Amino acid sequence: MAARTATIAGVDVSVDHWIAGRRVASKQHFTNNSPVDGAFLADVSAGSKEDVDAAVAAARKAFPAWAALGPEGRLPILKKFAERMLARADDLAAVETADNGSLLMGNKHRLVPRSALNISFFAEWALKMQGHTINSDEVVGHVQYDPAGVAALITPWNAPLMLTTWKVGPALAAGNTIVVKPPEWAPMTCSLMADIADEAGLPPGVLNVVQGIGEEAGDALVNHPDVARISFTGSTDTARIIGGAAARSITPLSAELGGKSPLIVCADADLDAAAQTVAGQYMNAGQVCLAGTRVLVEKSIEEEFLEKVRAAAGHMVVGDPRDPGTRVGPLIHPEHFSRVSGFVERAKADGAEVLWGGSQSSEGDLYFQPTMFGGAAADAEISQREVFGPVLTWQTFQSDDEVIAIANNTEYGLAGTLFCGNEARAMRIASAVVAGTIWVNCFFVRDLSAPFGGSRTSGLGREGGNWSFDFYTDIKNIAVRKDAFTS
Ligand code: NAD
């Protein structure tokens, strides 16, 4: 079948799978429209179980040679992969924006460079994962990080290239081969990623991409008996399904999931910086897993701080994400728009007060106003459930114990943000809040060597630095008795 491409933002992108170093089409397709203006983008191949079987077989076949290269052998290829990604930053950013509505400038200057770093960083880190020894009285333990096999990587639509490369980088650097199942609402940059990997010289079968619907292609992938690792980023509900498959086959699963993170502001904090950060939670239309969506403010500064946040939120211009002045683009899909507006309408009906926003924006069908709710009950749906839209809640507290209790009154534990002028107090609160990451007087600072993941229903395991290699390798201890060798 002839190669099929779609031209998206002036860039030709294949709409088919990438299996064993060539493009493969499916009989079935799914339609992909742009959230920016609803325009048709592409009919994308919808992978079947047969496509997944072919991709896993290709990855299995490519595994021994890729694993045998070792970290040094893989390093130059992966560094070239990262360099090629940077060279195509404009294309990747433009396609990502058309596909998922995220801000063009943010994609170009932050997410694409971070995606390239995801590849080069772990390629270099892999060099450190060798030659560990543990010396005890009787034996020397040689700790070896063996590639695990075929890794299945499944990612969501809110930052597809960045979130996918966050898995691709360490999985490949550790010597695994991979099958990627991109998100069906934003599948195109993962397709470009396959072309870039090919240009960089990744051998056929090392990186495979099967496009498709989660319940079909994703389901076939996580249930495949030859998959050795499942790395999933997405919703907690989907993780429960995938977790069932992983449990049946005893396949290690890493899951990075949803959140309802607290953003705590103490009375002695830098209130201007804190207000800017609260308003910043509306970026990407609030479709950010780490967003601090529950704003918890010390009662004594409530009025002053509310006015600062109101002013900062007023600068969060809603509009076309390709416009450099825009801060809040569209929601991804009509189904997601209904979900977000459903949360908002139910919160209003429950008696929560709309402090600002609260309805569709005049910018277009999928655009929603930055919204703040006050006065919601602690156990109300809007205080407890992840909305994944530009919707925040506002609560006050009067003591450290109270704010810690409110912050932890949720099923989630992904992240938290704290603005506080006193170091001892900040560390006391930060230590007591349940979360994988807490930012103190900053937000969204990510170091790839730090552990990343969620507690409670926000995730399973940690990735980043050594933690990524703990997951993507089979760790072996060769315990050698001392002084027993004769030659
Ligand atoms: P989702 O769970 O609906 O889908 C994520 C991926 O899973 C998609 O590729 C989808 O096709 C696939 N999928 C769906 N059903 C499947 C099944 N039965 N088997 C296998 N794969 C299946 O999530 P979403 O709506 O795309 O993303 C939003 C969610 O992702 C939010 O909850 C957000 O908080 C979370 N998220 C978490 C992080 C993090 O790092 N913790 C980062 C970004 C997004």
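Membrane-span-like helices in the chain (whole DSSP H runs, Cα extent of at least 27 Å along the helix axis, mean Kyte-Doolittle hydropathy of at least 1.0): none found.
Partnerless cysteines in the chain, where a partner means another cysteine C-beta under 4.7 angstrom, comprise CYS190, CYS289, CYS442.
Roughly how compact is the range 198-288, stated as its Cα Rg over 2.2 N^0.38 Å to two decimals? Could you put the intermediate results ahead of the total?
Working: Rg = 19.6 Å, N = 91, 2.2 N^0.38 = 12.2 Å.
Taking N as the residue count of the range 198-288, the ratio is 1.60.
Near THR326, no amide H atom lies under 5 Å from its own; only residues 5 or more places off or on other chains count, and H is placed 1.01 Å from N. Note on ASP320: accessible area is roughly 50 Å² with a 1.4 Å probe, heavy atoms of protein only.
Using 0.36 nm per residue and subtracting the Cα-Cα separation, the extra length available between ASP12 and GLU83 on full extension is 23.6 nm.
Under a 1.4 angstrom probe, counting protein chains only, how are GLU402, GLU72, GLU303 ranked by accessible area, largest first?
Numbers: GLU402 75, GLU72 110, GLU303 155 Å².
Reading off the accessible areas and sorting them downward yields GLU303, GLU72, GLU402.
Taking 0.36 nm per residue of separation and subtracting the current Cα-Cα distance, fully stretching the chain between HIS315 and ASP90 would add 78.4 nm. Here the range 362-405 is assigned +1 on the Cβ of each Lys and Arg and -1 on the Cβ of each Asp and Glu. Its dipole about the Cα centre then comes out at about 120 debye.
Residue by residue, the range 21-38 carries 3J(HN,Hα) couplings of x, 8, 7, 10, 9, 9, 5, 8, 10, 10, 8, 10, 10, 7, x, 5, 9, x Hz when phi is fed to the Karplus relation 6.51 cos²θ - 1.76 cosθ + 1.60 (θ = phi - 60°); x denotes Gly or Pro. May I ask which of LYS27/LYS49; LYS299/LYS348; LYS79/LYS167; LYS49/LYS181; LYS79/LYS128 have a Cα-Cα span longer than 18 Å here? Over 18 Å Cα-Cα: LYS299/LYS348. Radius of gyration over Kirkwood radius for the range 262-440, both on Cα atoms: the Rg/Rh ratio is 0.95.
Based on DSSP H runs of at least 4 residues, each adding -39500 (n - 2.57), what is the mean residue ellipticity at 222 nm of the chain after dividing by all its residues, to the nearest 500 deg cm²/dmol?
Values: 15 runs with 178 residues, N = 487.
It lands at -11500 deg cm²/dmol.
What translational D, rounded to a whole number of µm²/s, comes out for the chain from Stokes-Einstein when the hydrodynamic radius is the Kirkwood one over Cα pairs, at 25 °C and 0.890 mPa s? Don't skip to the end; give the middle numbers.
Details: Rh = 23.4 Å.
My calculation gives 105 µm²/s for D.
How would ILE241, ILE438, ILE119 rank on accessible area, largest to smallest, probe 1.4 Å?
Solvent-accessible surface, decreasing: ILE241, ILE438, ILE119.
What does the extension gain come out to for PHE485 and ASP37, with contour length at 0.36 nm per residue minus their alpha carbon separation?
Using 0.36 nm per residue and subtracting the Cα-Cα distance, I get 154.1 nm.
In this simple spin-label model, placing a label point 7 Å from the Cα along the Cα-to-Cβ direction at both ASP270 and ALA432 gives a separation of 2.5 nm. The residues of the chain have, on average, 40 Å² of accessible surface per residue, using a 1.4 Å probe with all protein chains present.
On the protein heavy atoms, probe 1.4 angstrom, tell me the percent of accessible surface of the chain carried by carbon and sulfur.
Working: 10100 of 19300 Å².
Carbon and sulfur atoms account for 52 percent of the accessible area of the chain.
Here the simple spin-label model places points 7 Å from the Cα toward Cβ, and for GLU303 and ASP53 these points are separated by 7.1 nm.
For THR236, THR31, the ranking by accessible surface with the largest value first comes to THR31, THR236, using a 1.4 Å probe. The modelled label-to-label distance for the pair ARG248/GLU199, using points 7 Å beyond Cα in the direction of Cβ, is 4.1 nm. For the range 280-370, a/c is not less than 1.5, where a ≥ b ≥ c are the root eigenvalues of the C-alpha gyration tensor, and a/b does not top b/c. That puts it in the oblate class. The heavy atoms of VAL445 present about 90 square angstrom of accessible area, all protein chains included, probe 1.4 Å. With the whole protein complex present, ARG339 retains an accessible surface near 90 Å², based on a 1.4 Å probe.
As an exercise, use a Förster radius of 22 Å and the Cβ-Cβ distance of ALA349 and ASN409 to find the FRET efficiency, rounded to the nearest 0.05. Step by step, r from the Cβ atoms, then E = 0.50.
Near GLN395, once Lys and Arg are set to +1 and Asp and Glu to -1 for all other residues with Cβ below 14 Å from its Cβ, the sum equals -2.
Annotation: amide H-H contacts under 5 Å for ILE8 (H modelled 1.01 Å from N, sequence separation of 5 or more, or interchain): VAL13.
The values are calculated or read from the model by the stated rules, or taken from the named source; none is laboratory data. As the structure is a prediction and not an experimental result, all values here were calculated from the model. Glycine also receives a Cβ, built like all others from the backbone with ideal geometry; neighbour counts cover every protein chain displayed. Remember, those area values only see protein heavy atoms, side chains included, never the ligands or the DNA or RNA. Shrake-Rupley method; radii C 1.70, N 1.55, O 1.52, S 1.80 Å.
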